[in-house]
1. Check whether at least one residue in the range 81-98 is charged (D, E, K, R), buried (at least 24 other Cβ atoms within 10 Å of the Cβ), in a helix (DSSP H, G or I) and at pLDDT 90 or above, and report yes or no.
2. Got a sec? Which of THR157, THR161, THR166 is of a type in the set (Val, Ile, Thr), open to solvent by less than 40 Å² (accessible area, probe 1.4 Å) and more than 23 Å from the chain's Cα centre (by Cα)?
3. Taking GLU231 as the residue in question, decide whether it is more than 30 Å from GLU37 (Cβ to Cβ), touching a helix residue (DSSP H, G or I) at 6+ places or on another chain (Cβ under 7 Å), among the acidic types (Asp, Glu) and surrounded by fewer than 18 Cβ atoms within 10 Å (Cβ to Cβ).
4. If I ask for residues that are of a type in the set (Lys, Arg) and over 16 Å from the mean Cα position of the chain (by Cα), which ones from the range 174-219 would you list?
5. Conditions first: (1) of a type in the set (Gly, Ala, Ser); (2) touching an Asp or Glu at 6+ places or on another chain (Cβ under 9 Å); (3) surrounded by fewer than 17 Cβ atoms within 10 Å (Cβ to Cβ). ALA112 passes all but one, so which condition is the exception?
6. Give the residue, chosen from GLU177, GLU189, GLU215, that is touching a Phe, Trp or Tyr at 6+ places or on another chain (Cβ under 9 Å), among the acidic types (Asp, Glu) and at pLDDT 90 or above.
Amino acid sequence: MKKSDSSFKCSVWLSCLFLATLVFGVSGCSSSKEVDERGWPKKLVFAYWVDDEVPGLRLEATTHLADYLSKELDLEVEIKKTTQYGPVIEAMRADKVDISMFGTFAYILASAKAGAECIIVRGTEAGGISYHSLLLARQDSPVNNLEDLKAMGKDLTFAFTNPASTSGHLIPRANLELEGINPERDFKELVFPGKHNATLLSVVSGKVDVGCVSENTFRKLKNLGGIDPKEVKIIWKSPPIPNGCIAVRERLPEDLKAAIREKLLNLKDGHPETWEEVKKIYTYSTAPNSYYISANDSYFDEVRVLARRIDNLDMLN
């Protein structure tokens, strides 16, 4: 069912807080961590989210990455699993998560709400890489473009993916509003399945009429045989979106942040065997031969400006 902006966003963040309490043991906005002689916490918590398209792949890659950082930094690195960005953001705000991979918009939220600091993006010699958001409909749908979507919206069920998703929410919402489409007002029903693969499969099955997903998820499921690409059609493709990042919590010691960045930058050339395992999570990306390059918060300024211009999005306030 449709929800008002305020009640929906409130329920989203309260749910995230509750999940964070369960998953990460969040009980307040600060924590007293044991430190070693360097002034570094004796244990880092590295959060990762489940990759449903290839079960276990992200856990395996994150485990290799955590083991590598543990050996190189001479401290324990514990990994924590989650299925949503919200709990990770809340846990980082409460100093219960120290490092995490974030999608683009999720990082913008994490930086605003938890002070997360970007240190690494995946890129090439030319710089950071990008991907696209797609709006998909079934092949037999009468909706073929944004004009059709606007004209038929009152009869359509529309799926964003996740409130904190860049390609599954922020970018398509911004472009819909530029076309004069208010998702809460102009569709028969607005839903958030939670994950890109769930949104895509909802379109294929006819549970929703139109859904927005990451181009990478579409490519993954197509290559893995999870969907027949002939069953769906692309009715809109976004401009390029800057890739997500690895970020650390702001209250980590500055020399530890610098050390984490240095070790990640050295991973591909200094420890190629480990990098071969870690990069498997990027197998279906737009640039599978990319590597970690240094970055900072300004890398996301253009997307942040876009987010602040959206009429129905106050999650950064």
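The values are calculated or read from the model by the stated rules, or taken from the named source; none is laboratory data. Computed from a predicted structure; not experimentally measured. Reconstructed Cβ throughout: ideal geometry from the backbone, glycine too, with neighbour counts over all protein chains shown. Just so you know, the surface numbers come from the protein's heavy atoms only, side chains and all, with ligands and any DNA or RNA stripped out. Shrake-Rupley method; radii C 1.70, N 1.55, O 1.52, S 1.80 Å.
1. Within the range 81-98, one or more residues are charged (D, E, K, R), buried (at least 24 other Cβ atoms within 10 Å of the Cβ), in a helix (DSSP H, G or I) and at pLDDT 90 or above.
2. Values: THR161 fails: more than 23 Å from the chain's Cα centre (by Cα); THR166 fails: more than 23 Å from the chain's Cα centre (by Cα).
Only one candidate passes the filter, namely THR157.
3. Numbers: more than 30 Å from GLU37 (Cβ to Cβ): yes; touching a helix residue (DSSP H, G or I) at 6+ places or on another chain (Cβ under 7 Å): yes; among the acidic types (Asp, Glu): yes; surrounded by fewer than 18 Cβ atoms within 10 Å (Cβ to Cβ): yes.
So GLU231 fits the description; yes.
4. If we filter the range 174-219 for residues that are of a type in the set (Lys, Arg), which is where we start, we get 185, 188, 195, 207, 219.
Hits for the range 174-219 are ARG185, LYS188, LYS207, ARG219.
5. In the conditions (1) of a type in the set (Gly, Ala, Ser); (2) touching an Asp or Glu at 6+ places or on another chain (Cβ under 9 Å); (3) surrounded by fewer than 17 Cβ atoms within 10 Å (Cβ to Cβ), ALA112 misses (2) alone.
6. GLU189
Yes or no, residue by residue, for (1) at pLDDT 75 or above; (2) among the β-branched types (Val, Ile, Thr):
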{"position": "SER6", "(1), (2)": "no, no"}
{"position": "CYS29", "(1), (2)": "no, no"}
{"position": "ALA47", "(1), (2)": "yes, no"}
{"position": "VAL50", "(1), (2)": "no, yes"}
{"position": "GLU78", "(1), (2)": "yes, no"}
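Rundown of residues vs (1) surrounded by fewer than 22 Cβ atoms within 10 Å (Cβ to Cβ); (2) out of contact with any helix residue (DSSP H, G or I) (no Cβ under 6 Å at 6 or more places or on another chain); (3) among the polar types (S, T, N, Q); (4) without any contact (Cβ under 8 Å) to a residue 60 or more places away in the chain, yes/no style:
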site	(1), (2), (3), (4)
ALA126	yes, yes, no, yes
SER133	no, no, yes, no
LEU136	no, no, no, no
LEU146	yes, yes, no, no
GLY153	yes, no, no, yes
PRO172	no, yes, no, no
GLU177	yes, yes, no, no
LEU190	yes, no, no, no
GLY194	yes, yes, no, no
